[in-house]
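Notes follow once the structure below has been shown.
The values are calculated or read from the model by the stated rules, or taken from the named source; none is laboratory data. The structure presented is a predicted model; accordingly, all values stated were derived computationally and were not measured. In this analysis, Cβ positions are derived from the backbone assuming ideal geometry, glycine residues included, and neighbour counts consider all displayed protein chains. For accessibility, only protein heavy atoms count, side chains too; no ligands or nucleic acids. Shrake-Rupley method; radii C 1.70, N 1.55, O 1.52, S 1.80 Å.
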Amino acid sequence: MISIDELDAALLELLTADPRAQIMDLAARLGVARNTVASRMRRLEETGVVSGYRPDIDLPTLGLPVLAFVGAETVQGRIKAVLEELRAVPEVLEAHTTTGREDLLIRIAAPSHEDLLHVLERILGIDGVAHTSTTLVLTTGIKYRTQPLIDHITHQAGHGRSAAGGLEER
């Protein structure tokens, strides 16, 4: 587990808003040296805190306005095989192994309800899927985010390594 401080949190917030920001710009906006930003970014990447710089893609603008969450109950011992099959379904955005009645929670995007139905039929056709339950998304009140949680865990952590121990492993 890695601990981060308020400077790391501020850097992550800037990178989330603009993943293509230049180190010099980040340093100026944070009021720290370029080398500090470069060092912090390198550490965040090397420790796996930052695993990539992806664009925030608006799926409805791309013609994929239908979003659904699918709970899938699997045959015992088949989760790995089902996940492998789900990787081949392009409409599957992510899949999580869960507890409870359903073994998987799958997020899907589709251009229409009819297309969603075809995806659901494909998922039900996967060997090892016993049952599914689908919930349609009407609106997204809060988009995926991490910054409020990062700010919360770094609150009172200080601004710099000497105050919080920086990115040292706990």
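Taking residue 39 as the residue in question, decide whether it is among the hydroxyl-bearing types (Ser, Thr, Tyr) and more than 21 Å from residue 145 (Cβ to Cβ). Criteria met by residue 39.
I'm checking my understanding of the structure. Among residues of the stretch 1-23 that are outside any helix (DSSP H, G or I) and either of a type in the set (Val, Ile, Thr) or free of Cβ contacts under 8 Å to residues at least 12 places away in the same chain (or both), which one is most open to solvent (accessible area, probe 1.4 Å)?
Within the stretch 1-23, the subset outside any helix (DSSP H, G or I) is 1-5, 18-22.
Filter once more, so that each one left must be either of a type in the set (Val, Ile, Thr) or free of Cβ contacts under 8 Å to residues at least 12 places away in the same chain (or both): 2, 4, 18, 21-22.
Details: 2: 44, 4: 22, 18: 61, 21: 17, 22: 127 Å².
Ranking the qualifying residues of the stretch 1-23, first place goes to 22.
Selection within the stretch 64-84: residues that are of a type in the set (D, E, K, R) and in contact (Cβ under 8 Å) with a residue 40 or more places away in the chain. The member of this set that is nearest to residue 139 (Cα to Cα) is 73. Residues considered: 44, 116, 62. Of these, the only one that is within 25 Å of residue 18 (Cβ to Cβ) and in contact with a Leu (Cβ under 9 Å, 6 or more places away or on another chain) is 44. Is it the case that the stretch 85-103 has a residue that's in a helix (DSSP H, G or I) and either among the charged types (D, E, K, R) or over 15 Å from residue 137 (Cα atoms) (or both)? Checked the stretch 85-103: at least one residue is in a helix (DSSP H, G or I) and either among the charged types (D, E, K, R) or over 15 Å from residue 137 (Cα atoms) (or both). Open to solvent by 60 Å² or more (accessible area, probe 1.4 Å) and at pLDDT below 95: does that describe residue 145? Here the answer is yes, as residue 145 does meet what is asked. Scanning the stretch 119-135 for residues that are out of contact with any helix residue (DSSP H, G or I) (no Cβ under 8 Å at 6 or more places or on another chain), among the aliphatic types (A, V, I, L, M) and touching a residue at least 40 places away in the same chain (Cβ under 8 Å), we see that the one that is surrounded by the most Cβ atoms within 10 Å (Cβ to Cβ) is 120. One residue alone among 44, 26, 116, 67 is touching a strand residue (DSSP E or B) at 6+ places or on another chain (Cβ under 6 Å), buried (at least 18 other Cβ atoms within 10 Å of the Cβ) and part of a helix (DSSP H, G or I), and that residue is 116. Within the stretch 36-59, is even one residue under 24 Å from the mean Cα position of the chain (by Cα) and more than 30 Å from residue 7 (Cβ to Cβ)? Yes; the residues of the stretch 36-59 include at least one that is under 24 Å from the mean Cα position of the chain (by Cα) and more than 30 Å from residue 7 (Cβ to Cβ). Of all residues in the stretch 22-66, those satisfying the criterion of being among the hydrophobic types (A, V, I, L, M, F, W, C) and under 30 Å from residue 92 (Cα atoms) are 44, 49, 50, 57, 59, 62, 64, 66.
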